[in-house]
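Colleague: Pasting in a structure now, in structure tokens, and then I'll have a few things to ask.
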């Protein structure tokens, strides 16, 4: 394991066992300190993640999934907004291909996230890159690039510790919350419409994504198309809305740039 | 929805998580997204959220329902305003659900 992390450090003289051991212990200490730093930075998000996990657990069961299906979904999928997006589609007997494409579109932001974070872990073997990639969600994106900007790509020290401290507690908090929600869901009457909490969560996730007027144009156009196309078969209106919304945002970008010139 | 389709959906969703999150960790050195495409992709998630949220707020039973008697629409707008004022995710869910419940019982 330390083969990679040592690669960037100054090499001790050959034959000096104690020096090598010392540098190994030092590397471990750096990761441990980075873990504590990462935990201090991200601990404040834990209650929200926990509570949101509860909402996701309830929403899964309330959409008609069994307890076992809900547990399997939360433990493997681990992508709240994709789950919230797909639940009404599952209930409406939407074709699997539309469900998959919807999840892919909602998850597209992770492609951007991982393009930013992945270079920092390029020195690791492939299975560890897949492992860390799996945890690179919204929370790690909120903390990691801020602490390790792009120019630190070739300095691996402290990154694994920090990343793990941001990601692992968040995973556990989310799953504990989800399991509580799954088990509690049957106690809540249907008329409370607890699934609407998922829509409210999506609104709160969407608003910070509206970073400029072009993004606003994309959101308005996409929403309008989705409402207008509500009766298209197979929920195709959703995919149509996203494509037209993206085109609207790109078009708006063009006009805004022209306006500035 | 039959059980088999739900299980297949869970597998597909897990694949989607892995592809989008780990894809670049695996092949990042081999792939260079064109800047224009990266730019366009940046707008996709917000557009997708809108395409899911708006029909839930503005339609009921397959018909457009933009009315002051539609509790979801009002609660959604209220939740949005609450979030813009406080930037608090959980508070938004609580405030939105409370507003929705009050409206549902009152309207």
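The values are calculated or read from the model by the stated rules, or taken from the named source; none is laboratory data. As the structure is a computational prediction, the values presented were derived from the model and not from experiment. Counting neighbours? That spans all protein chains shown, and the Cβs are built from the backbone with ideal geometry, glycine included.
Colleague: Which one is nearest to residue A:50 (Cα to Cα) among residues in the range A:176-195 that are in contact with a helix residue (DSSP H, G or I) (Cβ under 6 Å, 6 or more places away or on another chain) and at pLDDT 85 or above?
Modeller: A:177
Colleague: Return the residues of the range A:67-101 that are at pLDDT 95 or above and not in a helix (DSSP H, G or I); say none if nothing qualifies.
Modeller: Listed by number, the list holds a single entry, A:78.
Colleague: Further, regarding this structure: Test residue B:94 against the criterion of being surrounded by fewer than 21 Cβ atoms within 10 Å (Cβ to Cβ), more than 7 Å from chain A (Cβ to nearest Cβ) and under 18 Å from the mean Cα position of the chain (by Cα), and give yes or no.
Modeller: For residue B:94, the condition - surrounded by fewer than 21 Cβ atoms within 10 Å (Cβ to Cβ), more than 7 Å from chain A (Cβ to nearest Cβ) and under 18 Å from the mean Cα position of the chain (by Cα) - is met.
Colleague: Take residue A:115 and tell me if it is surrounded by fewer than 19 Cβ atoms within 10 Å (Cβ to Cβ), assigned to a loop (DSSP other than H, G, I, E, B) and touching a helix residue (DSSP H, G or I) at 6+ places or on another chain (Cβ under 7 Å).
Modeller: no
Colleague: Determine which single condition residue B:8 fails, assuming it passes every other condition in (1) under 24 Å from residue A:76 (Cα atoms); (2) surrounded by 15 or more Cβ atoms within 10 Å (Cβ to Cβ); (3) facing chain A (nearest Cβ under 7 Å).
Modeller: With (1) under 24 Å from residue A:76 (Cα atoms); (2) surrounded by 15 or more Cβ atoms within 10 Å (Cβ to Cβ); (3) facing chain A (nearest Cβ under 7 Å) applied to residue B:8, the lone miss is (2).
Colleague: Which of the residues that make up the range A:74-100 are under 17 Å from the mean Cα position of the chain (by Cα), surrounded by fewer than 18 Cβ atoms within 10 Å (Cβ to Cβ) and more than 8 Å from chain B (Cβ to nearest Cβ)?
Modeller: Correct list: A:75 only.
Colleague: Another question, then. Please work out which residue is surrounded by the most Cβ atoms within 10 Å (Cβ to Cβ), limiting yourself to the range B:11-30 and to residues that are over 19 Å from residue A:105 (Cα atoms) and more than 7 Å from chain A (Cβ to nearest Cβ).
Modeller: Looking at residues that are over 19 Å from residue A:105 (Cα atoms) and more than 7 Å from chain A (Cβ to nearest Cβ), I get B:27.
Colleague: Can you name every residue in the range A:103-127 that is within 17 Å of residue A:79 (Cβ to Cβ), touching a residue at least 24 places away in the same chain (Cβ under 8 Å) and at the interface with chain B (Cβ under 7 Å from one of its Cβ atoms)?
Modeller: A:103, A:105, A:106, A:107, A:109, A:110
Colleague: Of all residues in the range A:229-242, how many are modelled with pLDDT of 90 or more, assigned to a helix (DSSP H, G or I) and more than 8 Å from chain B (Cβ to nearest Cβ)?
Modeller: Here the count works out to 1.
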